[in-house]
Amino acid sequence: MVSYRLIRENGDPQSDFKRIIDYLLTFVGDITIERLNEKSVVIGYSETPMVAGLKIDNNGEIILACEDRDEVSVNLIKNVTGRIGRRIFSTRTKSFLVNDPNLLEATPTHADQKVLSIIKKHGLTPLFLYRNSFTFFAKDKIGKIFLINQDLLRHLSEQPEKKVSKNDFSIPVAVDIGHFVAIYDRGLIPLSFYKCRENATNIFNLNGLSTNPFKESVIIEPIYFHLDLPNQNFIQGNSPPGVEIKKGQSLQKILKLKDYLVVKIGREVHFEKKRGKLLPKLTISIFLDN
């Protein structure tokens, strides 16, 4: 069995517990609810003998307990937790679950044991895999998170090699699990090994304008986000006035970007008139480590 904590600051556990049960009861004929008492139920499914437990513990926390092979319960609960301001914390990975329902915990139930063994052979512990793929995230002995080269992993599963370069096999994407969850939930960790390797600056440009250096004068509007590591997310900070960047200048130098985690240049391009000329105006999201 594996347990998940449904966490919310200053929430009413009994009220939220009822709202979760009410949501599950909408699946008439597919899900059964057996009430053990006012703080504990057993969740059953019509298509499988698998069951899960949901309860409020002695500390006032809502706990979901389910079997290792159970993919249904946690994703069902995830559908309602966002509506009631709760997040799901996995006691197995010691992290909040990411919002993407396709990123699963890398257990033998979800992944081929042979593939998991290849990752472990390279000194890494599998943490997550993307559903129906060879895309894995794993951690090393100090907790740094790596993206595995999915193409090489597929090849090794079919044609084993005695020795593979570490740099070819995996690439670091976050210093620890907390950073990983926060950045991944912002959609800023690519699932492609080669995209990660080619983007050493961690600047994601979603609109296609050349930015290093800029090939035309633009106006940028920076928005700063600060990492809340205990909650594994980002909190929006200040948004200073727009800055004009002249043709030939670079984003990093103008904004004095040094200790950032990742930068996102927004997809939409707006325009503002300066000295009688329309200049592209970009929104820049800057994610900082503190």
Search result, residues across region 206-224 that are in contact (Cβ under 8 Å) with a residue 12 or more places away in the chain and out of contact with any helix residue (DSSP H, G or I) (no Cβ under 9 Å at 6 or more places or on another chain): L206, N207, L209, K215, E216, S217, V218, I219, E221, I223, Y224
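Yes/no matrix, rows are residues, columns are (1) without any contact (Cβ under 8 Å) to a residue 24 or more places away in the chain; (2) surrounded by 14 or more Cβ atoms within 10 Å (Cβ to Cβ); (3) of a type in the set (S, T, N, Q):
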{"site": "Y23", "(1), (2), (3)": "no, yes, no"}
{"site": "T26", "(1), (2), (3)": "yes, no, yes"}
{"site": "G29", "(1), (2), (3)": "yes, no, no"}
{"site": "R35", "(1), (2), (3)": "yes, no, no"}
{"site": "V42", "(1), (2), (3)": "yes, yes, no"}
{"site": "E47", "(1), (2), (3)": "yes, no, no"}
{"site": "V51", "(1), (2), (3)": "yes, yes, no"}
{"site": "A65", "(1), (2), (3)": "no, yes, no"}
{"site": "R69", "(1), (2), (3)": "no, no, no"}
Test result for L251, surrounded by 11 or more Cβ atoms within 10 Å (Cβ to Cβ), touching a Lys or Arg at 6+ places or on another chain (Cβ under 9 Å) and either closer than 30 Å to F134 by Cβ or without any contact (Cβ under 8 Å) to a residue 60 or more places away in the chain (or both): no
In region 242-285, residue modelled with the highest pLDDT [restricted to those that are aliphatic (A, V, I, L, M) and either assigned by TED's automatic domain parsing to the domain that holds D185 or outside any strand (DSSP E or B) (or both)]: V269
Test: residue in region 41-48 that is part of a loop (DSSP other than H, G, I, E, B) and touching a helix residue (DSSP H, G or I) at 6+ places or on another chain (Cβ under 7 Å): no
Selected residue (criterion: farthest from R87 (Cα to Cα)) from residues of region 6-39 that are under 30 Å from the mean Cα position of the chain (by Cα) and in a strand (DSSP E or B): I31
Pairs with Cβ under 6 Å, 6+ apart, first in region 115-131 and closer than 23 Å to K162 by Cα, second of a type in the set (D, E, K, R) and part of a loop (DSSP other than H, G, I, E, B): L124/D140
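The values are calculated or read from the model by the stated rules, or taken from the named source; none is laboratory data. Everything quoted here is computed from the prediction, not taken from an experiment. Please note: Cβ atoms are built from the backbone with ideal geometry, for glycine as well, and neighbour counts cover all protein chains shown.
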